[in-house]
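The values are calculated or read from the model by the stated rules, or taken from the named source; none is laboratory data. Given the structure is predicted, the values throughout are model-derived calculations rather than measurements. FYI the Cβ positions are ideal-geometry reconstructions off the backbone, even for glycines, and counts take in every protein chain you see. Side chains are part of the model used for accessible areas, which takes the heavy atoms of the whole protein and leaves out ligands, DNA and RNA. Shrake-Rupley method; radii C 1.70, N 1.55, O 1.52, S 1.80 Å.
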Amino acid sequence: MTNYRWTICSLVFFATTINYLDRQVISLLKPYLEKEFNWSETDYSNVVAAFQLAYALGMLGVGSIIDRVGSKMGYAVSLILWSIAAVMHAFVKTTFGFGVVRAFLGVTEAGNFPAAIKVVAEWFPKRERAFATGIFNSGTNIGAVIAPLLVPWLAVTYSWQMAFILTGAVGFLWLIFWFLLYETPERHKRISASELAHINSDEETTTSLNEGETEVVIPWRQLLTYKQTWAYAVGKFLSDGVWWFFLFWLPAFLISEYRLVGLEVSFPVAVVYLIAGIGSIAGGWLPMWFSKNKGWTMVRSRKTSMLIYATIPLMVMFSQWAGSFNMWYAVIIIGIGMSAHQAWSANIMTTVSDMFPKTSIGAVIGIGGMFGGFGNIMVAKSAGYLLDHYKAAGHIQTGYYLLFLFCGTAYLLAWFLMFRVLVPKMTPIKPHMKKLE
């Protein structure tokens, strides 16, 4: 059996890396942009919120579009548009203009995860999906590692405008490999019959469809009637904002707390995301290990793994105290907390393919992404308000502590609502079928 599916996984990994490289550039250029446009913390949070609102609304529609046009063209068009949006930041002259291009970047970047999860569902059986998702999702960390090492250097050596242009242009290189290497498994000429059988080895594939029948796409309005959809949406709403808070405010926290200047912030931020990358891959591996070595069902394996990941971020609440002894204690603790988030993320996205037919995965990912985006907006606006308030009072550390308190507890609340209230058995939605003419 060949392993071409892992080549496909690597393509999605690189797309996700580019996705996060493009979205993180602004947090690293924040000191330059504050001087250029005279931004307050609230101004910055409004620009961040513009991205998040557009991302959330884009998620609602883009998932259904990708389900209909297919993962190949859906992914390609999304990446082309978000690369154009990233480059456009260099030509903005006003704060309002920044909000507009951030919104354009948000709505176009919304296509990455619905397309990525759909690709994984098409190319991997259920027992491998969390691991594959963890691998491609680690691209978020690699992008976040590359950004602090590259972006400040570009800004110092050339200009903040050139940092946006060069990072935004990277996506066009990826498109060449995507069109050369990607196709759905049934149409691909480079995989063997044995690998295709392995990909289609799930019980649902062999038993759910009768001869002469095919799955149909479930309308998103109907998807909203299922508890399974709401479980994913609630989990994303509560947990996504944690990751985005660190993505957009971690450099600012390190600068304000430890008086870092210039390129000094690059290495600690890179270390945080390197640690987080470990969690992304290990998080996808653990439920697969439980299933294989302990004989647990995939439901038990998934829920147990996610409970472990939900508990680890509690330590983030103590990061400022630990950092009072040495900055690197705070960096490591935050890195471990973000590692747990990535492990959680690899599994929560996989719950969609656990519970829904392949034809509706993009739409459900989109719905959950929309609610995750709304959670992001709430966290961003709260961060802007709290940090401005406590900065004016001379105690900005208190603002960060309140935000860290939320970051530490959000996952346990999400896990309880998902697996104790809404979907304790994670019952799959049976595919809707129609007869082939």
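For the options Met370, Met349, Met162, a Gaussian network treatment of the chain with springs between C-alpha atoms closer than 10 Å singles out Met162 as fluctuating the most.
Cross-link partners for Lys189 among the lysines, with Cα-Cα distance under 24 Å and sequence neighbours closer than 8 places in the same chain left out: Lys72, Lys118, Lys126, Lys358. Estimated at 0.36 nm per residue, the fully extended path between Phe416 and Lys381 surpasses their Cα-Cα distance by 10.0 nm. The alpha carbon centroids of region 35-82 and region 255-333 are separated by 26 Å.
For the chain, the solvent-accessible area works out to 39 Å² per residue, with a probe of 1.4 Å and every protein chain left in place. So what is the calculated 222 nm ellipticity per residue for the chain, using -39500 (n - 2.57) for each DSSP H run with n of 4 or more, over all residues, to the nearest 500 deg cm²/dmol? One gets -26000 deg cm²/dmol as the mean residue ellipticity at 222 nm. Go ahead and set up a Gaussian network model of the chain, Cα springs under 10 Å, then flag whichever of Leu181, Leu60, Leu247 fluctuates most. Of Leu181, Leu60, Leu247, the Gaussian network model singles out Leu181 as fluctuating most. Placing pseudo-labels 7 Å out from each Cα toward the beta carbon at Lys189 and Lys294 gives an inter-label distance of 4.6 nm. Just the protein heavy atoms count here, and of the accessible area of the chain at 1.4 Å, carbon and sulfur take up 67 percent. In the chain, Cα pairs under 8 Å separated by at least six residues give a relative contact order of 28 percent. Prolate is the label for the chain, because the ratio a/c of its alpha-carbon gyration tensor axes (a ≥ b ≥ c) is 1.5 or higher and a/b is greater than b/c.
Net length available on complete extension from Asn200 to Leu402 is 68.0 nm, with 0.36 nm assigned per residue and the Cα-Cα distance removed. How would you classify region 371-422 from its alpha-carbon gyration tensor, with a ≥ b ≥ c the square roots of the eigenvalues: rounded for a/c under 1.5, else prolate if a/b is greater than b/c, otherwise oblate? Oblate.
The H on the amide N of Ser159, modeled in the peptide plane, is under 5 Å from the matching H of no residue at least 5 residues off or on a different chain. For region 226-290, the gyration tensor built on C-alpha atoms gives an oblate shape. Its axis ratio a/c (a ≥ b ≥ c) is at least 1.5, and a/b is not larger than b/c. Which part of region 92-125 falls in the paramagnetic zone of Trp178, meaning amide N under 13 Å from the point 7 Å along Cα-to-beta-carbon? Those under the cut-off are 108-117, 119. Normalised by the residues of region 18-105, what does the relative contact order come to in percent, with Cα pairs under 8 Å and at least six apart? In percent, rounded to a whole number, it is 42. Entry note, region 283-332: relative contact order of 22 percent, from Cα contacts under 8 Å with a spacing of 6+ residues.
Long hydrophobic helices in the chain: the complete DSSP H runs spanning 30 Å or more by Cα along their own axis with mean Kyte-Doolittle hydropathy of at least -0.5 are 4-28, 41-69, 160-181, 227-258, 266-293, 327-355, 361-392, 396-416.
Among the chymotrypsin sites (Phe, Trp or Tyr not before Pro) within region 119-173, those in coil by DSSP and having at most 14 neighbouring Cβ atoms inside 10 Å are Tyr158. Computed from the Cβ-Cβ distance with R0 of 35 Å, the FRET efficiency linking Tyr32 to Ser10 stands at 0.55.
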